[in-house]
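Heads up: the structure comes next, in structure tokens.
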Amino acid sequence: MPTVTPLRHIARRLARAPMFTIITLITLAVGIGANTAISSIINGVLLKPLPYPESDRLVAVWQTAPGINLPEINASPATYFTYREEGRTFEDIGLYRNDSVTVTGLAEPEQVQALFVTDGTLPLLRVNPVVGRWFSRKDDQPGSPKTAMLTYGYWQRRFGASTSALGKRLMIDGEAHEIIGVMPAGFQFMNRRAGLILPFQLDRSKVFIGNFSYEAVARLKPGETLATASMDVARMIPIMMHKFPPAPGVSLQMFESAHFGPNLRSMKQEVIGSVGNTLWILMATVGIVLLIACANVANLMLVRAEARQQEFAIRSALGASRMRLARELLGESVTLGVIGGVLGACLAYAALQLLVWLAPSGLPRINEIQLNGPVLFFTIAISLLAGVLFGLIPVYKYAGAGPAMSLREGGRNASDGRQRHHARNSLVVVQVALALVLLISSGLMLRTLMALQQISPGFTDPAHIQTVRVSIPSAQVPDDVRAARMHQEIMRKVSEIPGVTAVALTNSVTMDGYTDNDPIGAEDHPFDEGKIPPLRRFKFISPGYFKAMGRPLLIGRDLTWQDIYSESTHVLVSENLARELWHDPAKAIGKRIKESPTSMWREIVGVVSDERDDGVDKKAPTVVYWPFLLRHFWQFDSRLERGPALVIRSDRAGSAAFVKELERAVWSVNPDMPLAEIRTVEETYRRSMARTSFTLVMLAIASGMALLLGIVGIYGVIAYSVSQRTREIGIRVALGAEPSAVQAMFVRHGLMLTGIGVALGMAVAFSVTRLMKSLLFEVSPVDPLTYSAVAVLLLLAASLAAYIPARRATRIEASEALRME
């Protein structure tokens, strides 16, 4: 007798039970496919190294300032020059920042995303240009001829990937830049998408302590660690304090009171951000779905093995060993697991396309998600594990049963004792408990989404608010007042477009990610020379901004064009800032504030409602609204917002025809002014909710599958119990039992299993959902409404699943039931 069951025998047996085989394979394919798809995302986003040589030595250089309650502070020119000149643990350090620039002279004017870097930034990544060279130190010196590098996509789109592009000049923001190099295809700087790369050309002689609005990357020397680099940064911060002067109007004592310290992290952690928590929760979720699928398949295997008890007993009596019977059952289960894994991999490939489409726009490294070797190895592993897992239960229960016991249990008049159902009942309890955990998790995310939608974000009717960015470079129009009047003329032209009811300018639309934070002093809350005041969000606006956004002016008045062009010094503040400083918005009117100890006082003329500028799940920042053209701001004689967003309220927002009319209106004022970042506020709002919505959708899909599998499990157990107790049912009916009483007996059985599963699931969910706390908003991880609603839903679904086979049982004629096996 061969020692291994031939595959053809397994295939023949599975083919003789097509319904069992199909249901089992579909169940496994869904469970394994979901795990494969999510593991592809986990691998591509979290586990795979960044696509740079020795990327583990790249670090993001941040600071912390506990003295002013800031856990994270960006880099600045002062930190950059200090760490580059005094550092002992960095090979080099570079600054970078994203911005948009205007490109003219190629065709129509175009707004292009640009990455500004210092000369050492790109060499740190060790990705060589495909054509040309990197920036040199000379390129990055102030006053040097302007140079530019192209990304591969922009090179293809604008120059047909021709090497003749090198040496050509691009008009960028009104100034000619020589093209010196092209980065290779597939190159992406962290999560930044750019067409052009430009040098900062920082003037070291004008650097001061402040202006923390840059990002920094460094490469560690061989043998150095984050810990040693952090100690080195801590050593250099006091050096910086004496190496450069403080910002105008701010004392050195103020900066010292902030207690700056190092806050370094790996560049991989910087790129991934906080998305890891979400992805690991989703991985655990689909892992639970796979466990439920295995429990369902194990139940099917138990039923199949039970139907073959007499076969096993006869073969055992004829000399077949227990090991051989166990190998046969395990051979079937592992074969099903492997085939289910292959189908699951195919399903995962299709599911990945859906997952990438559903994924929030901020999901990092999305282009690196694929079915590769490690993921397929994981698929094979879980396929084999699943096959063994759901195969061991019938092996344990039936392969070791003695022939006499098996023949007695398979007899026609045998009583269907409770013991033979324990395994199936236990599996159903496990399914219900796990399904409850997923349903509660999904319910908590649904409650979070509902809570977020109840929050006033700082605008109304966002689908009717169109935003586009326009820029007037100083090289085109050097005079600030003239450029401001050009912006006003654009607003006038746009207001004449049919359907436009309001139009305004701002440097930052709510939730668009543009932030500018600085301290202020109030006349009755003066600057403390020994301490930096709390930071406030600065926004620069034109008259009519709040009307365009649908924001109520609580008290006072809006800015006027007289405020913009005259020497008047009027500003508005948010309600929460007014309440913090003066406890009552009405008392803020007439109060005076300034941006630095040496600045001029500016009078508050209005208070507006708060806006959730960092997202609806974050606290509304305190905001000061300044005129977009200001006199004597900080150390500047004038300050103009040259690249603001146009905010246009219209019921035509979002349509292609409307955008074309906006384009014509802008070009009628300045034909070299492209439109950029064209979107509605609704798109911005949805993007801020994207991660919550994505998590909810994924949990809803997983919990829906879990609920379905759990209900199928309950239905299967009750239906099989009915089929095994047909003679008993016939006897009960013949003796006068009411059909409703017989039905209730089976429904009670289903509800009992569900009740036990719910109780166990509640205990598990109570612990597991605490891990979701960072994803929830104004909802407790042990929210009683969610827990009770899910429990009721499961009990109702279980009642229905148990009632259907129970009802069918009572329709069998007693005489027919008594003749049945």
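The values are calculated or read from the model by the stated rules, or taken from the named source; none is laboratory data. No experiment lies behind these values; they were computed from the predicted model shown. Using ideal geometry, Cβ is built from the backbone for each residue, glycine included, and neighbour counts are taken over all protein chains shown. Heads up: the accessible areas ignore ligands, DNA and RNA and are worked out on the full protein's heavy atoms, side chains in. Shrake-Rupley method; radii C 1.70, N 1.55, O 1.52, S 1.80 Å.
Figures for the structure shown
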{"quantity": "Cβ-based charge dipole, the chain, positive-most Cα from Gln201, Ala435, Pro781", "calculated": "Ala435"}
{"quantity": "Difference of contour (0.36 nm per residue) and Cα-Cα distance, Glu178 to Arg12", "calculated": "52.5 nm"}
{"quantity": "Angle between the chain longest axis and helix 480-495 axis [Cα atoms, degrees, rounded to 10]", "calculated": "50"}
{"quantity": "Within the stretch 255-303, chymotrypsin sites (Phe, Trp or Tyr not before Pro) in DSSP loop having at most 10 other beta-carbon neighbours inside 10 Å", "calculated": "none"}
{"quantity": "Partner lysines for Lys146 [C-alpha distance under 16 Å; skip if fewer than 8 residues away on the same chain]", "calculated": "Lys138, Lys168"}
{"quantity": "Amide N proximity, the stretch 63-84 versus Lys243 label position 7 Å along Cα-to-Cβ, cut-off under 13 Å", "calculated": "76-84"}
{"quantity": "Where trypsin sites (Lys or Arg not before Pro) fall in DSSP loop in the stretch 1-90, at most 16 other Cβ within 10 Å", "calculated": "Arg16, Arg88"}
{"quantity": "Per-residue HN-Hα couplings for the stretch 259-270 [Karplus 6.51, -1.76, 1.60; θ = phi - 60°; Hz; x = Gly/Pro]", "calculated": "6, 4, x, x, 8, 8, 8, 5, 5, 4, 4, 5"}
{"quantity": "Residue-by-residue Karplus 3J(HN,Hα) for the stretch 198-215, coefficients 6.51, -1.76, 1.60, Hz, glycine and proline x", "calculated": "10, x, 5, 6, 5, 8, 4, 5, 9, 6, 9, 6, x, 6, 7, 10, 10, 10"}
{"quantity": "Net charge dipole size for the stretch 665-722 [Lys, Arg +1 and Asp, Glu -1 on Cβ; Debye, nearest 20]", "calculated": "240"}
{"quantity": "MRE, 222 nm, helices only [DSSP H, n ≥ 4, -39500 (n - 2.57), over the chain, to nearest 500]", "calculated": "-15500 deg cm²/dmol"}
{"quantity": "Cα-based helix-to-principal-axis angle, 373-394 vs the chain, degrees rounded to 10", "calculated": "30"}
{"quantity": "Farthest positive-ward along the stretch 118-253 dipole, Cα basis, beta-carbon charges - from His242, Asn211, Pro142", "calculated": "Pro142"}
{"quantity": "Shape category assigned to the stretch 596-657 from the gyration tensor of Cα positions, a/c cut at 1.5", "calculated": "oblate"}
{"quantity": "Zone residues, the stretch 220-243, relative to Glu86, backbone N less than 17 Å from point 7 Å out along Cα-to-Cβ", "calculated": "229-243"}
{"quantity": "Long-range HN-HN contacts of Glu91 with modeled amide H, under 5 Å", "calculated": "Arg219, Leu220, Lys221"}
{"quantity": "Nearest-10 value in Å² for the accessible area of Trp634, using the 1.4 Å probe", "calculated": "60"}
{"quantity": "Residue-wise HN-Hα coupling along the stretch 774-787, computed from phi with Karplus coefficients 6.51, -1.76, 1.60 (Hz; x: Gly, Pro)", "calculated": "5, 8, 9, 9, 6, 9, 6, x, 10, 4, x, 5, 5, 4"}
{"quantity": "Accessible-area ranking of Ile10, Ile756, largest first, probe 1.4 Å", "calculated": "Ile756, Ile10"}
{"quantity": "Net dipole in debye of the chain [+1 Lys, Arg Cβ; -1 Asp, Glu Cβ; about Cα centre; nearest 20]", "calculated": "3420"}
{"quantity": "Candidate lysines for bridging to Lys660, where Cα separation is under 17 Å - those fewer than 8 sequence places away on the same chain excluded", "calculated": "Lys493"}
{"quantity": "Accessible surface ranking that places the most exposed of Met752, Met301 first, with a 1.4 angstrom probe", "calculated": "Met752, Met301"}
{"quantity": "Reachable lysines, given that their alpha-carbon falls under 30 Å from the alpha-carbon of Lys531 and they are not under 8 places away in the same chain", "calculated": "Lys206, Lys243, Lys539, Lys587, Lys591, Lys594, Lys618, Lys619"}
{"quantity": "With DNA, RNA and ligands ignored, accessible area of Tyr514 (1.4 Å probe; Å², nearest 10)", "calculated": "80"}
{"quantity": "Leu330 accessible area, assembled protein chains, probe 1.4 Å, Å²", "calculated": "50"}
{"quantity": "Sequence of Trp357, Trp667, Trp582 from largest to smallest accessible area, 1.4 Å probe", "calculated": "Trp357, Trp667, Trp582"}
{"quantity": "Positive-pole candidate from Val127, Thr64, Ala114, dipole of the stretch 46-144, charges at beta carbon", "calculated": "Val127"}
